[in-house]
2 protein chains.
Amino acid sequence: MQDLKDKIIDMVKDDLAAIEIALKQNLSPQLDLVAKIAGHILFSGGKRLRPLIAVLSAQICGRDGDYVKTFSTIFEYLHAATLLHDDLVDEATMRRGKPAAHLVWDNPSAVLVGDFLLARALSIAAATQQPAVIEIIAQITENMSQGEIHQLSRKGKLDLFEAEYMEIIRRKTAVLFQGACRTSALIAEAPKEKEAALGEYGFNIGLAFQMIDDLLDYTLDTHVLGKAVGADLKEGKLTLPVIYALQAADAKDRLVMEKIITDKDFAVNDFKSLIELLHKYGGITYTQKLAKDYIKKAKNTLAVFENSKPKKILMMIADYSLVRQA
Amino acid sequence: MQDLKDKIIDMVKDDLAAIEIALKQNLSPQLDLVAKIAGHILFSGGKRLRPLIAVLSAQICGRDGDYVKTFSTIFEYLHAATLLHDDLVDEATMRRGKPAAHLVWDNPSAVLVGDFLLARALSIAAATQQPAVIEIIAQITENMSQGEIHQLSRKGKLDLFEAEYMEIIRRKTAVLFQGACRTSALIAEAPKEKEAALGEYGFNIGLAFQMIDDLLDYTLDTHVLGKAVGADLKEGKLTLPVIYALQAADAKDRLVMEKIITDKDFAVNDFKSLIELLHKYGGITYTQKLAKDYIKKAKNTLAVFENSKPKKILMMIADYSLVRQA
């Protein structure tokens, strides 16, 4: 799988370099503090997956160039804004192997720089002068905040069901991927059919991406993950592997799991026991299978496009989402 | 001055009622928690000054109706979003005579509901399908966050000068008033000249409004103000009355003032001494005079409009901004 990642990176290295430049050029903060905090979150080894699929979506519709790269920054700025606010909301301690911004600086700075990045994204969207594009992007931000609030309001609750989990990840993650692909098709003046297909592609890999992200919390160690393993559980966030295993478990094991889940200071051994139970009751396999289904769906929607380099890369990114280790 | 306020309220009571309905109808939160927190900040006796001047700006250009009221909610939602975030940033304890939202709920909820209100405002803006309108509103949010960050970065600093103070209040307050008036003119399809005049009107009353707001912290008691008197000082926020008096004071009095300003737990008597020094060195009078100049400018810009009821009310609101007690 490392091979696949390297192969993708090699194929998109020029685009990634152009995205990197665009991210620096379009930030245009008037203040040092903003540059520092935004830089901490923006330039600390993010995968640039969101701007990259935006760029590839424009390319697959036949449009490329500097404007496309500038446009793609919207989705990284939105993502960075929510990371700043969410890390604060979740009282997260680490992000991409570095201390979270609200700890390096403080809560106020993280809140305000998040607001700035959100506003920056919307200004770039507004500059397109395309109402349909702007409306989609405004609605992304609305969905993301509501997804986060929904998640927050169900924190620590053991009665979170799969449907509610899906609704949360739809809003907080999939809608952004969907919007990145769909608006890039709009920017490229693609026909409706292709616009819809790219939206579907983004939506489905967004769902899968979040599921795998949630899974990594139970399968990786801290060093690889770049944040504390078991963080979701410590924050009271129930994700699909746990939700599924909880409903499948027998009464005795369910009690064991619930005890670990509700204990904020669970020991490493407790966490290991929980992971064993997630395996025993199929929580890991089920999540993997579901993510796989969404990836399959995502790839199928690209059938409307002729073969091309961007198409090939979008297919590879879909595959990679499933097997990624970080 | 109470008379002036009552007179204005009597003249706009139908508009205010319609704004109130629009604020409830357009919030459309999917979640209870959002409705509660947004309601706490939105429906707790705000003056609705921002949506009101938006509505009056549309009316003075010959447009009125439900659409104008819906549009005007943008500026109250943006305002409420920044209140939620700023109260958290400033660790404020009270707002409009009630405990601040981040204390009733928690920081995470205040952050996320603020994000939701910001996104809601931008969605309503996007729904106008008018790029010029949307761009102005996106830039308002960018300016507001940068104004707040600027203020935060200079917190507790004694070397804040008038020019920097003006820059901060321009971004964090005046740009919102300006945008509310200007985009309403755009919505009303007003000629360029009138659009510019309304922008100028909003900008100038915005500056004056913030100056008087900052002044009230030194002239009112807690009960009338609805938040703790001396709060700005406790938060390390130097505002014009203090900035002016500091630079005008002799060395001895300057030292006395600096001691009180930098002491986070200053006693009531210290605060009274400080207020005396603000008077002695003209900080209060200077701020009042400057605010008066901006109000005069605001009123003069309305000369391009024929006499009408909305014009009369906009003139009265300008006068009221100067004499208001809360």
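Would you say A:I60 is over 17 Å from A:T82 (Cα atoms) and out of contact with any helix residue (DSSP H, G or I) (no Cβ under 6 Å at 6 or more places or on another chain)?
Answer is no for this residue.
Limited to segment B:83-104, what total is found for residues that are in a loop (DSSP other than H, G, I, E, B) and within 10 Å of chain A (Cβ to nearest Cβ)?
Looking only at that region, the number is 2.
Here is a check on your reading of the model: is B:N107 more than 29 Å from A:A127 (Cα to Cα) and of a type in the set (S, T, N, Q)?
yes
Quick one: what pairs do we get from segment B:116-132, first residue more than 7 Å from every other protein chain (Cβ to nearest Cβ) and touching a residue at least 24 places away in the same chain (Cβ under 8 Å), second part of a helix (DSSP H, G or I) and among the basic types (K, R), C-beta under 7 Å, 6+ apart or different chains?
The qualifying pairs do not exist here.
Among (1) within 17 Å of the chain's Cα centre (by Cα); (2) closer than 16 Å to B:I74 by Cα, where does B:D213 come up short?
Every listed condition holds for B:D213 apart from (2).
Under 20 Å from the mean Cα position of the chain (by Cα), free of Cβ contacts under 8 Å to residues at least 12 places away in the same chain and assigned to a helix (DSSP H, G or I): is that true of A:I9 in this structure?
When the stated conditions are applied, A:I9 passes them.
Conditions (1) at pLDDT 95 or above; (2) out of contact with any Phe, Trp or Tyr (no Cβ under 6 Å at 6 or more places or on another chain); (3) more than 24 Å from B:E142 (Cβ to Cβ), marked per residue:
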{"position": "B:L16", "(1), (2), (3)": "yes, yes, yes"}
{"position": "B:N26", "(1), (2), (3)": "no, yes, no"}
{"position": "B:L33", "(1), (2), (3)": "no, yes, yes"}
{"position": "B:G45", "(1), (2), (3)": "no, yes, yes"}
{"position": "B:V55", "(1), (2), (3)": "yes, yes, yes"}
{"position": "B:L78", "(1), (2), (3)": "yes, yes, no"}
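Sort out which residues of segment A:43-67 are surrounded by fewer than 24 Cβ atoms within 10 Å (Cβ to Cβ) and either assigned to a helix (DSSP H, G or I) or under 14 Å from the mean Cα position of the chain (by Cα) (or both), and write them in order of number.
A:G46, A:K47, A:R48, A:L49, A:L52, A:Q59, A:D66, A:Y67
Among the candidates B:L220, B:L238, B:L233, which residue alone is farther than 27 Å from B:C61 by Cβ, modelled with pLDDT under 90 and crowded, with 20+ Cβ neighbours inside 10 Å?
B:L233
Working carefully through the options A:I149, A:I136, find the one that is in contact with a Ser or Thr (Cβ under 9 Å, 6 or more places away or on another chain), more than 24 Å from A:A17 (Cα to Cα), more than 8 Å from every other protein chain (Cβ to nearest Cβ) and assigned to a helix (DSSP H, G or I).
A:I136
If you scan segment B:29-44, which residues turn out to be of a type in the set (V, I, T) and more than 8 Å from every other protein chain (Cβ to nearest Cβ)?
B:I37, B:I41
Inside segment A:107-133, can you point out the residues that are surrounded by 21 or more Cβ atoms within 10 Å (Cβ to Cβ) and outside any helix (DSSP H, G or I)?
If the condition is that a residue be surrounded by 21 or more Cβ atoms within 10 Å (Cβ to Cβ) and outside any helix (DSSP H, G or I), then A:T128 is the only one that fits.
I need the full set of residues from segment B:68-80 which are more than 12 Å from the chain's Cα centre (by Cα) and either within 13 Å of chain A (Cβ to nearest Cβ) or of a type in the set (S, T, Y) (or both), in order please.
B:T70, B:S72, B:T73, B:I74, B:Y77 - these are the residues of segment B:68-80 that are more than 12 Å from the chain's Cα centre (by Cα) and either within 13 Å of chain A (Cβ to nearest Cβ) or of a type in the set (S, T, Y) (or both).
Condition check: more than 19 Å from B:Y201 (Cα to Cα), touching a Phe, Trp or Tyr at 6+ places or on another chain (Cβ under 9 Å) and of a type outside the set (A, V, I, L, M, F, W, C). Does B:K69 satisfy that?
no
Scan segment A:244-267 for residues that are among the charged types (D, E, K, R), surrounded by fewer than 17 Cβ atoms within 10 Å (Cβ to Cβ) and not in a loop (DSSP other than H, G, I, E, B) and report the count.
3
Please pick out the residue among B:K289, B:K297, B:K259 that is among the basic types (K, R) and over 19 Å from B:F161 (Cα atoms).
B:K297
Kindly provide the set of residues from segment B:153-169 that are assigned to a helix (DSSP H, G or I), surrounded by fewer than 22 Cβ atoms within 10 Å (Cβ to Cβ) and touching a residue at least 24 places away in the same chain (Cβ under 8 Å), ordered by number.
Within segment B:153-169, B:E162, B:M166 qualify.
Being farther than 19 Å from A:I169 by Cα and buried (at least 21 other Cβ atoms within 10 Å of the Cβ) is the filter; apply it to segment A:89-106 and report the residue that is farthest from the chain's Cα centre (by Cα).
Applying the filter and picking the extreme gives A:H102.
The values are calculated or read from the model by the stated rules, or taken from the named source; none is laboratory data. Given the structure is predicted, the values throughout are model-derived calculations rather than measurements. So basically every Cβ, Gly included, is an ideal-geometry build from the backbone, and we count neighbours across all protein chains shown.
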